[in-house]
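As structure tokens, the structure follows; a few thoughts come after it.
The values are calculated or read from the model by the stated rules, or taken from the named source; none is laboratory data. None of these values were measured; they are calculated from a predicted model. Cβ coordinates were reconstructed from backbone atoms using ideal geometry, including for glycine residues, and neighbour counts include every protein chain displayed.
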Amino acid sequence: MFIGRLLQISRGSLTRSIHVSAKYNQAMGIDGNNILAESLKRQGIEYVFGIVGIPVIETSMAFQSVGIKYVGMRNEQAAAYAAQAIGYLTGKPGVCLAVSGPGLLHCIGGMANAQVNCWPLLVIAGSCPEDHEGIGGFQEWLQVESSRPYCKYAVRPPSPKLIPLHVERAVRSACAGRPGVAYLDMPATLLTAEVDEEKVPLNFYNAGPITLAHPDPALVDRAADVLAKAERPLVIVGKGAAYGRAEESVRKLVETTKIPFLPTPMGKGVVPDASPYCVSTARTQALLKADVVVLLGARLNWMLHFGQVPRFAPDVKVIQVDISPEEFHNSIKSEVAVHSDIRPFTEALTQKLASKKYSLQPSSAWWKALNEKQKKNTEFVEAQANDKSVPLNYYAVFKTVQASIPKDSIIVSEGANTMDIGRGLLLNNQPRHRLDAGTFGTMGVGPGFAVAAAMWCRDYAPTKRVICVEGDSAFGFSGMEIETMFRYKLPVIIVIVNNSGIYSGFDKEMMKDIQESGDVAQCTPPTALSSEVRYEKMMEMFGCSGHLCRTVEEIETAVKAAIKVTDRPSIINILINPQANRKPQTFNWLTESKL
Ligand code: ADP
Ligand code: MG
């Protein structure tokens, strides 16, 4: 019976565009699926990522029939990750389409990730028919209530005629102010309900992009005064500056004032990592010693050690710029708090400082101290990176990957050591070219992000490549999305930095000894994964082959070969020393609680 239904649907898909236009010509009824598709199209939605099933199969086809791209994924969580990445890359929310009950619940991790990252996302899920509610309907669940804690806006349109209104609101809510998540609940009965097309406001207005919020000029003056008096100023560039497309003005600010800057992980590339003003290699020192910090679209949360002692100076003055005033003074009281988009603020500040003829001297004590630290830290990293002994260490792997890939690639990265060490060695010279585990530290985001990034490249930057650098544990969360990449011919280069474990693992012999030492579930270390897993063989599922590497030369050859492949993904599985570690840190990366 199920096969019969699918055949019927695929026959239907061949004729559906004719069917849909016939509906319009004869001014017949229009159903909820088509109202939803038309509404999304008219609000500028370009991409939907999802998994179909009852009751949203026809919904996905209605999307395609109005010209929206639909990408079928293998897990709703990955679909939600893909949809939010496209939202970050384009500034327009991507849609994640899911089935009822478990389908929507699988999206929740993705919704939380988008909300915590401040990225726009619109989730749409089918739900059980309204007349089956309360009597044990198929996949019945309280979907609007379940979504609400993860959303700025969560509703079930009360009638087909109101779908266009709620789509507009959902899209606007996702993008306006601090971006976030919107959820639309679509019961089967709403999706199939037919109404007279003339009574549906399909041409519902599109509010369009919201004009930029400009700073209060008095606050720009104060910020300039505070900066001009600083001895050790520092600019911190967050992913809010990247999302706000402020790259040009932030670059100009840094280049004209010569103030050192530090990008947050996804703030990388707003000002090129290769800029002489980037002090990432002296990060600890820069944070610790700065007397004035200009905080551009970043929160003083765990990633920036709350702006507090011991990682910051006790009397540091923060000039905090954010689109969301609720964020001001959150963990420490800011000296100047400016409610503004990053772009107009940085333009105004650059102008103001230029009128004061302000510029930090490269010979200043501050620059000298930072340069010294940079030199010392770089020497350590270089020594590690030049150690090509097998099994390889992380630094040698990343140095080789960085040297082999096109410099304008989008880097997707997740894993513990893989992401942390890779951040320093894999450089970004363009904004929004790094996608990683983010503020929520979510593992499993990589393949979904890479699918979205590769879709975006195909449509907007066809020669650009997506390099997805995964720890072996991280890859396991969403590895089956390799099939999605294959089906949609996305040439993602997946690099698995394989240490056979979470944080660290064991070589084959040691793992065997450990597992034979007692009950397997009692003695296998929770951080261990199977040793030397051949992830690259997943390419054989498609009649292709992947790359297994143990040496620097093998990595170079594999990356070169993968770059030549432009119509399918590649997997490069790099077996490194299972006990390889990162550089000893002055501070624990996670600031310890003092409670
Ligand atoms: P990071 O991870 O880089 O530290 P966060 O996600 O913590 O960045 O912070 C990003 C901040 O940027 C959020 O507080 C958000 O409100 C803000 N933001 C987003 N878009 C803009 C914009 N266009 N202008 C100013 N601030 C913005
Ligand atoms: Mg690992």
Task: Test: GLY103 is in contact with an Asp or Glu (Cβ under 7 Å, 6 or more places away or on another chain) and at pLDDT 95 or above - done: yes
Task: Exclusive hit being part of a strand (DSSP E or B) and over 25 Å from ALA85 (Cα atoms), set LEU227, LEU234 - done: LEU234
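Return the residues of region 67-79 that are in contact (Cβ under 8 Å) with a residue 40 or more places away in the chain and more than 14 Å from GLY444 (Cα to Cα); say none if nothing qualifies. Walk me through how you get there before you give the answer.
Residues of region 67-79 in contact (Cβ under 8 Å) with a residue 40 or more places away in the chain: 69, 71-75, 77-79.
Of everything in region 67-79, those that are in contact (Cβ under 8 Å) with a residue 40 or more places away in the chain and more than 14 Å from GLY444 (Cα to Cα) turn out to be LYS69, VAL71, GLY72.
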TODO: Considering every residue within region 345-353, establish whether at least one is away from ligand 1 (no atom under 13 Å from the Cβ) and assigned to a loop (DSSP other than H, G, I, E, B).
DONE: no
Task: Qualifying position, being more than 24 Å from the chain's Cα centre (by Cα) and crowded, with 16+ Cβ neighbours inside 10 Å, among VAL390, VAL318, VAL401 - done: VAL318
Open item on the list: Any residue in region 286-307 that is part of a helix (DSSP H, G or I) sitting within a Cβ distance under 7 Å of a residue that is surrounded by fewer than 21 Cβ atoms within 10 Å (Cβ to Cβ) and among the basic types (Lys, Arg)? List the pairs, counting only those 6 or more apart or interchain.
Closed with: LEU287/ARG311; LEU288/ARG311; HIS305/ARG311
TODO: Would you check which residues across region 254-273 are in contact with a strand residue (DSSP E or B) (Cβ under 7 Å, 6 or more places away or on another chain) and either outside any loop (DSSP other than H, G, I, E, B) or among the small types (Gly, Ala, Ser) (or both) and list them?
DONE: VAL254, PHE261, LEU262, PRO263, PRO265, MET266, GLY267, GLY269
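Considering only helices (runs of 4 or more DSSP H) fully contained in region 394-484, which possess at least 3 residues that are within 20 Å of ASN377 (Cβ to Cβ)? Break it down stepwise before answering.
Details: elements: 394-404, 417-425, 446-460, 472-478.
Because the criterion is at least 3 residues that are within 20 Å of ASN377 (Cβ to Cβ), the helices (runs of 4 or more DSSP H) in region 394-484 that meet it are 394-404, 417-425.
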Open item on the list: Restricting to region 517-538, name every residue that is closer than 30 Å to ALA403 by Cβ, away from ligand 2 (no atom under 16 Å from the Cβ) and without any contact (Cβ under 8 Å) to a residue 40 or more places away in the chain.
Closed with: LYS537
TODO: State yes or no: is ILE514 part of a strand (DSSP E or B) and farther than 30 Å from THR281 by Cβ?
DONE: no
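Would region 152-172 turn up any residue that is within 16 Å of ligand 1 (Cβ to nearest atom) and either of a type in the set (D, E, K, R) or under 24 Å from the mean Cα position of the chain (by Cα) (or both)?
Start the filter on region 152-172 by keeping residues that are within 16 Å of ligand 1 (Cβ to nearest atom), which leaves 152, 172.
Remaining after also requiring either of a type in the set (D, E, K, R) or under 24 Å from the mean Cα position of the chain (by Cα) (or both): 152, 172.
Checking region 152-172: at least one residue is within 16 Å of ligand 1 (Cβ to nearest atom) and either of a type in the set (D, E, K, R) or under 24 Å from the mean Cα position of the chain (by Cα) (or both).
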- [ ] Keeping to region 140-172, report how many residues are in contact with a Cys (Cβ under 8 Å, 6 or more places away or on another chain) and over 25 Å from ASP31 (Cβ atoms).
- [x] 0
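Give VAL520, VAL466, VAL495, VAL533 a once-over and let me know the one that is touching a strand residue (DSSP E or B) at 6+ places or on another chain (Cβ under 6 Å) and either over 16 Å from LEU89 (Cα atoms) or not β-branched (Val, Ile, Thr) (or both). Full working, then the answer.
Numbers: VAL520 fails: touching a strand residue (DSSP E or B) at 6+ places or on another chain (Cβ under 6 Å); VAL466 fails: either over 16 Å from LEU89 (Cα atoms) or not β-branched (Val, Ile, Thr) (or both); VAL533 fails: touching a strand residue (DSSP E or B) at 6+ places or on another chain (Cβ under 6 Å).
The unique qualifying residue is VAL495.
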Open item on the list: Where the second residue is assigned to a loop (DSSP other than H, G, I, E, B) and away from ligand 1 (no atom under 12 Å from the Cβ) and the first is of a type in the set (Asp, Glu) and lies in region 259-278, which pairs have Cβ atoms under 6 Å and are six or more apart or on separate chains?
Closed with: ASP273/LEU427; ASP273/ASN428
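Residues checked against (1) in contact with a strand residue (DSSP E or B) (Cβ under 9 Å, 6 or more places away or on another chain); (2) within 14 Å of ligand 1 (Cβ to nearest atom); (3) small (Gly, Ala, Ser); (4) more than 30 Å from ALA403 (Cβ to Cβ):
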site: ALA241; (1), (2), (3), (4): yes, yes, yes, no
site: PRO276; (1), (2), (3), (4): no, no, no, no
site: ASN301; (1), (2), (3), (4): no, yes, no, yes
site: VAL316; (1), (2), (3), (4): yes, no, no, yes
- [ ] Determine if region 539-553 includes at least one residue that is crowded, with 18+ Cβ neighbours inside 10 Å, charged (D, E, K, R) and at pLDDT 95 or above.
- [x] no
- [ ] Could you identify the single residue in PHE312, PHE328 that is more than 16 Å from ligand 2 (Cβ to nearest atom), buried (at least 20 other Cβ atoms within 10 Å of the Cβ) and of a type in the set (Phe, Trp, Tyr)?
- [x] PHE312
Task: Which listed residue, of GLU481, GLU470, is within 16 Å of ligand 2 (Cβ to nearest atom), in contact with a helix residue (DSSP H, G or I) (Cβ under 9 Å, 6 or more places away or on another chain), modelled with pLDDT of 95 or more and under 25 Å from LEU426 (Cα atoms) - done: GLU470
Open item on the list: Can you report the number of residues in region 165-190 which are more than 17 Å from GLY91 (Cβ to Cβ) and either within 16 Å of ligand 2 (Cβ to nearest atom) or in contact with a helix residue (DSSP H, G or I) (Cβ under 9 Å, 6 or more places away or on another chain) (or both)?
Closed with: 11
- [ ] Mind listing whichever residues of region 209-259 are closer than 20 Å to ALA354 by Cα and small (Gly, Ala, Ser)?
- [x] ALA218, ALA223, ALA224, ALA228, ALA230, ALA246, SER249
Open item on the list: Any residue at all in region 494-516 that's away from ligand 2 (no atom under 16 Å from the Cβ), surrounded by 20 or more Cβ atoms within 10 Å (Cβ to Cβ) and of a type outside the set (A, V, I, L, M, F, W, C)?
Closed with: no
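The rows are residues; the columns are (1) of a type in the set (A, V, I, L, M); (2) surrounded by fewer than 17 Cβ atoms within 10 Å (Cβ to Cβ); (3) modelled with pLDDT of 95 or more.
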position	(1), (2), (3)
ALA207	yes, yes, no
HIS214	no, yes, yes
GLU231	no, yes, yes
LEU253	yes, no, yes
LEU262	yes, no, yes
VAL292	yes, no, yes
LEU300	yes, no, yes
GLY307	no, no, yes
TODO: Kindly indicate whether any position in region 216-225 is modelled with pLDDT of 95 or more, crowded, with 16+ Cβ neighbours inside 10 Å, touching a helix residue (DSSP H, G or I) at 6+ places or on another chain (Cβ under 8 Å) and closer than 18 Å to TRP367 by Cβ.
DONE: no
TODO: Test ILE572 against the criterion of being assigned to a strand (DSSP E or B), surrounded by 15 or more Cβ atoms within 10 Å (Cβ to Cβ) and within 25 Å of the chain's Cα centre (by Cα), and give yes or no.
DONE: yes
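What do you reckon, is GLU481 surrounded by 21 or more Cβ atoms within 10 Å (Cβ to Cβ), more than 28 Å from VAL279 (Cβ to Cβ) and of a type outside the set (A, V, I, L, M, F, W, C)?
On the way: surrounded by 21 or more Cβ atoms within 10 Å (Cβ to Cβ): yes; more than 28 Å from VAL279 (Cβ to Cβ): yes; of a type outside the set (A, V, I, L, M, F, W, C): yes.
It is true that GLU481 is surrounded by 21 or more Cβ atoms within 10 Å (Cβ to Cβ), more than 28 Å from VAL279 (Cβ to Cβ) and of a type outside the set (A, V, I, L, M, F, W, C).
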